[in-house]
1. Need a quick list: strands (runs of 3 or more DSSP E) entirely within the range A:68-179 having at least 2 residues that are over 27 Å from B:V201 (Cβ atoms) and within 14 Å of another protein chain (Cβ to nearest Cβ).
2. From the list A:V133, A:V101, which one is more than 23 Å from A:R176 (Cα to Cα) and of a type in the set (V, I, T)?
3. With the requirement that a residue be more than 14 Å from the chain's Cα centre (by Cα) and polar (S, T, N, Q), what does the range A:148-182 give you?
4. Restricting the first residue to the range A:265-281 and requiring it to be more than 14 Å from chain B (Cβ to nearest Cβ), which pairs with a second residue that is of a type in the set (D, E, K, R) and surrounded by fewer than 24 Cβ atoms within 10 Å (Cβ to Cβ) meet a Cβ separation below 6 Å and a spacing of at least six or different chains?
5. It is to be established whether one or more residues within the range A:51-62 are in contact (Cβ under 8 Å) with a residue 40 or more places away in the chain and closer than 14 Å to A:K113 by Cβ.
6. Report, by residue number, each residue of the range A:92-118 that is more than 14 Å from A:T71 (Cβ to Cβ) and without any contact (Cβ under 8 Å) to a residue 40 or more places away in the chain.
7. So, of the residues in the range B:148-169 that are among the charged types (D, E, K, R) and crowded, with 16+ Cβ neighbours inside 10 Å, which turns out to be farthest from the other protein chains (Cβ to nearest Cβ)?
Amino acid sequence: MMWRLCFGAAALYALLIGTAPVMAQGTPLERGFSASPDVALRIYLPKGRLRVSTWSRDSVHVRGTVGASGTYFGGGTPAHVKFGVEPRTPGDTRLPDADWVVQVPPQARLWIKQVEGDLEVTGLQGELEAYTVGGRMVVRQVTGQTTLESIDAPVTVEAARGDLRIRGSKGAVALRDVNAVLSVGTVSGTVTVTGGRPDGRIETIGGAVGVEGPELRDAELEVQTHSGTITLRVDPRRAPKMELSTRAGAPTGAPLTGQTRFGRLVARSFKGAILVQSLPQ
Amino acid sequence: MTQHTSHSANPRPAGAACDVVSSQLQAYLAGTLSPEESARLEWHAASCEVCEQELDAASTRPVAFSPALPPSLRGSTLDAVQTHRRGAAWYTRWRTREGIGLGLAAAAVLVIAVSVRDRGAAGGDRPAGAETTVHAPEAGEQNFSHEVVLMAGAQAATEFSALDAALAELEVALTVTPDDADLRRFRSTIRTRRDELEQRVRNAAL
């Protein structure tokens, strides 16, 4: 009798161990929607990973897994598609999660809502609006109107064109090779701009701002902080005209004033330091 | 074209007149007008009190049934119905015991096939064709909404403190130099950031 119990327990244990990875990976999902070239997409993925890329087809494709506490919903018309995950059980306060790869037409208009999401969007030429509380946002090679809002999530934008609006709070914002009309605002999150041709405005309260090697010909970049340090690293041969002011004292570092033909760089802080550095030749 | 006398002074797009509204009203309610025609009609109704009332009244009326078919169309329609009935005669033949048995077997195979497909592709808890049904998690519908807003508020608490501290500093500075344009600009920026953050916290779960 005893050996039967032991055998049964061992078999049950083996079964649980064997199926655990499958359960952890979630339930597989694959869906397709016919879509117009500029389809409006709304994606709700409160928790988990969402990778969006473009393809030259008249459809939207979703592939990945849905977590144990969530269930898939979706539908729409070729012009409007909405899908996402919602709690499997009414009253469940856990965030439903999923791990999806989504392919959309290049001109699609995306609206993405997350709470604790890991978002990556690549190659979109249409509009992008993405909202999250925490997690991470990475956007690459977008060329349309892009709006990214978070509270705690770091935001990285690479090789973007068009219009770019970012609102963060604690999360750091990193912009690399961004050639866009820019509006960036954070509270304590740092903002770093590397290369590109950013034309617009960056504002933080306590967050430090670093601008390195921007090409501002025919552009104007305005940086404003309350107490955050502003560090400007420019090529002395192509330094934009700089207007710097802070009530913390005179700007320090390399005595560069720049030329208007290379654009304008305005840095203003209430009590943060302003530091100007020359990039190595 | 007739024009009601109670038109407002708003300019009107070409072709938008009261008789046009009357003639297109049923098509508008049926949703068969083009977007441009619909927009023109709505625009006119918005600027014409009489047409607006007519539109409101028509919107609340039950949709009228189609008038009787003309004789020529009626004949061809009845022919089509007869053809459809002849095509459906196989169903009558299958209403035998063998037919019912085979039909049930086919239905069982279909149900199993659909079930296997759904389990493999979508978690197995949704019927086939679930894409057509959208469970939209609109505002307040999701069960975790309250928790999300609390979480967002907690994440943003230090940020609100930083914003308030910065605002207090500027208020003090402005008492000394109330006409300082730079200080006012700094304060305006902080107020904007604070409003935006409040909005983001409120909308975190929407």
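1. Where strands (runs of 3 or more DSSP E) fall fully within the range A:68-179 and carry at least 2 residues being over 27 Å from B:V201 (Cβ atoms) and within 14 Å of another protein chain (Cβ to nearest Cβ), they are A:70-76, A:80-87.
2. A:V101
3. The one that is more than 14 Å from the chain's Cα centre (by Cα) and polar (S, T, N, Q): A:N179.
4. A:Q277/A:R233; A:L279/A:R233; A:L279/A:D235
5. yes
6. Within the range A:92-118, A:T93 is the sole residue that qualifies.
7. Only one residue tops the list, namely B:E169.
No lab work stands behind these numbers, since they all come straight from the coordinates. Treat the numbers as computed from the prediction; the structure is a model and nothing was measured. A quick note on method: Cβ atoms are made from the backbone with ideal geometry, for glycine too, and the neighbour counts reach across all protein chains shown.
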